[in-house]
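Here's the structure, in structure tokens; my notes come after.
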Protein chains: 2
Amino acid sequence: MQKISPSTATDHLPHLAYDSVIFGFSGTQLKILIMEYHNTHIFALPGGFVQKNEHLNDAVRRGLKERTGLDNIHLEQFYTFGDADRNNAEPMRTILVNNGLSPEKYHWMLERFISVAYYALINYQDVVPQPDALSDSCRWYPVNALPPLMMDHAGIVEKALQTLRDNLDRKLARGNLLPPKFTMKELQQAYEAILDTKLLRTTFQRRMLSLNLLERHEKQYSGGAHKAPYLYSFIKG
Amino acid sequence: MQKISPSTATDHLPHLAYDSVIFGFSGTQLKILIMEYHNTHIFALPGGFVQKNEHLNDAVRRGLKERTGLDNIHLEQFYTFGDADRNNAEPMRTILVNNGLSPEKYHWMLERFISVAYYALINYQDVVPQPDALSDSCRWYPVNALPPLMMDHAGIVEKALQTLRDNLDRKLARGNLLPPKFTMKELQQAYEAILDTKLLRTTFQRRMLSLNLLERHEKQYSGGAHKAPYLYSFIKG
DNA sequence: TATTATTGTCACGAATTGAGACAATAGAAT
DNA sequence: ATTCTATTGTCTCAATTCGTGACAATAATA
């Protein structure tokens, strides 16, 4: 949810929201940005609303910038959740009250919402999560150790993961899950975290090189007592 | 667009619509159901609106039943179109006027619409297209010979095709593009029409059989002067 | 009974993949 | 300096899959 004011009700398309699953990768873990609201223990995906004259895709870009400080993120829409019982009434009432806002004034926020879901792959290093007016934290959580999420947000994450696993090669190449240059081992660890399987080192390396998506750079002297690995980057095209 | 009355404005979620790309297969051609409005030469995908307390998916099922008479269709959502300039103002005004309806009364139909797009694979044989109150025809058109479609509907069809081509095996098995029993040749022709490529007969047959998705039945005596082909059906699971 | 078009399957080389072996090497230990 | 250790890049070889043509089987027709 984004910064809101009472006037918001008339500025936005009613009953329409978006939610975003922002993936990051650190060490060997796939993580997701999750927000927690002030004084509530209510956890949610970063989301927001669409202004009356705003492109849907632009609205998501705008909201994501407010939360991560990041611009120019490659966002991919993956599903629209439209069940009739998708409303924030109960948790949202709590959130409003605990923030000193009147549920009557913000009644529109308690109603049914259709939510268009997006995912993004971003570089963990680049993000300085910025909590907004309603939330007191915006933090990374490992995908396999998420806090209990409000509404159907756990289902949204699950669907995002399923989507991501399909045609992962192309998606990783377009996103920014890894830093600009990375080793083959880091790339393999990213694959393994996303697919939740172990992969064979030699087969993986051969396959990656045969995809013609990688450019090889100078070696990285890691400080470890062993042969130094090459660095690679994705060929953007 | 579905049957409407002035009261519709209050029954539906504003600014939200769906459009459906209904694929059928006949002979060697992939076809799509397209509607034409009375006295207008305006062509559009079958679409409609979502009632205030209706699941999004149910709304699409309901609309599709109104148009094709078919129930229990496997629908797959594939994208939500949300550009700010998506409105029906110009063509819709024409449609309303040519149907003796007042654009003032139906003003809500002229505004911006977010549209959730679905596709379905149905058996060409089963459909008796039923035009509704506003349209005078609902007919099959080959995908490569569509009439000029209103708004961004041509783009919606293109995206539906792209989606369909990805992981086609599973999608064909779940849908009903072919009759319950079909020959290997018919199956190959369906693949070729969708992918818009020629496939090698022997390789195709081997690959299909190795997928373990097909059940073999008795032979079909086609009347042709040659060996009779087996019939197959998809193993539903 | 011979002819013809089409179908199901096999055969064989080419390409891809699974899985282990091994040399190269950057730093740590001696 | 020399040896040791962990990791990396590549090679090898068998197993599997794929592209392609060959060929026998066969339903209707001539």
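A residue that is open to solvent by 30 Å² or more (accessible area, probe 1.4 Å), of a type outside the set (Val, Ile, Thr) and within 14 Å of another protein chain (Cβ to nearest Cβ) occurs somewhere in region A:90-109.
Filtering region B:27-51 to residues that are closer than 21 Å to residue B:112 by Cβ and of a type in the set (Ser, Thr, Tyr) leaves only B:37.
The requirement of being near DNA strand C (Cβ under 8 Å from one of its atoms), open to solvent by 100 Å² or more (accessible area, probe 1.4 Å), at pLDDT below 95 and farther than 22 Å from residue B:171 by Cα is fulfilled nowhere in region B:209-224; no residue meets it. Can you pull out every residue in region B:194-237 that is of a type in the set (Gly, Ala, Ser), within 14 Å of DNA strand D (Cβ to nearest atom) and within 30 Å of the chain's Cα centre (by Cα)? Residues satisfying the conditions are B:210, B:222. The residues listed here are A:144, A:123, A:212; of these, the one that is out of contact with any His (no Cβ under 6 Å at 6 or more places or on another chain), more than 30 Å from residue A:88 (Cβ to Cβ) and in the same structural domain as residue A:88 (by TED's automatic domain parsing) is A:123.
Within region A:165-198, if we keep just the residues that are within 14 Å of chain B (Cβ to nearest Cβ), part of a helix (DSSP H, G or I) and not basic (Lys, Arg), the residue that is farthest from DNA strand C (Cβ to nearest atom) turns out to be A:168.
Candidates are the residues of region B:62-81 that are more than 20 Å from residue A:15 (Cβ to Cβ) and without any contact (Cβ under 8 Å) to a residue 24 or more places away in the chain; the one that is surrounded by the most Cβ atoms within 10 Å (Cβ to Cβ) is B:65.
Scanning region A:148-156 for any residue that is surrounded by fewer than 18 Cβ atoms within 10 Å (Cβ to Cβ) and farther than 22 Å from residue A:109 by Cα turns up nothing. Residues of region A:8-32 that are crowded, with 22+ Cβ neighbours inside 10 Å and acidic (Asp, Glu): A:19 alone.
Contact annotation: residue pairs with Cβ atoms under 7 Å, 6 or more positions apart or on different chains, pairing a residue in region B:209-229 that is part of a loop (DSSP other than H, G, I, E, B) with a partner that is near DNA strand D (Cβ under 9 Å from one of its atoms) and basic (Lys, Arg), are B:228/B:219; B:229/B:219. Yes or no: residue B:148 more than 16 Å from DNA strand C (Cβ to nearest atom) and over 29 Å from residue A:77 (Cβ atoms)? Answer is no for this residue. Applying the set (1) within 13 Å of chain A (Cβ to nearest Cβ); (2) open to solvent by 30 Å² or more (accessible area, probe 1.4 Å); (3) more than 21 Å from the chain's Cα centre (by Cα) to residue B:84 leaves exactly one unmet item: (2). Of all the residues in region B:33-61, those that are in contact (Cβ under 8 Å) with a residue 24 or more places away in the chain, surrounded by fewer than 17 Cβ atoms within 10 Å (Cβ to Cβ) and not in a loop (DSSP other than H, G, I, E, B) number 1.
The values are calculated or read from the model by the stated rules, or taken from the named source; none is laboratory data. Because the structure is predicted, anything quoted here is derived from the model rather than measured. Methodologically, a virtual Cβ is constructed for each residue, glycine included, from the backbone with ideal geometry; neighbour enumeration extends over all protein chains shown. Surface areas here come from the heavy atoms of the whole protein model, side chains and all, with no ligands, DNA or RNA. Shrake-Rupley method; radii C 1.70, N 1.55, O 1.52, S 1.80 Å.
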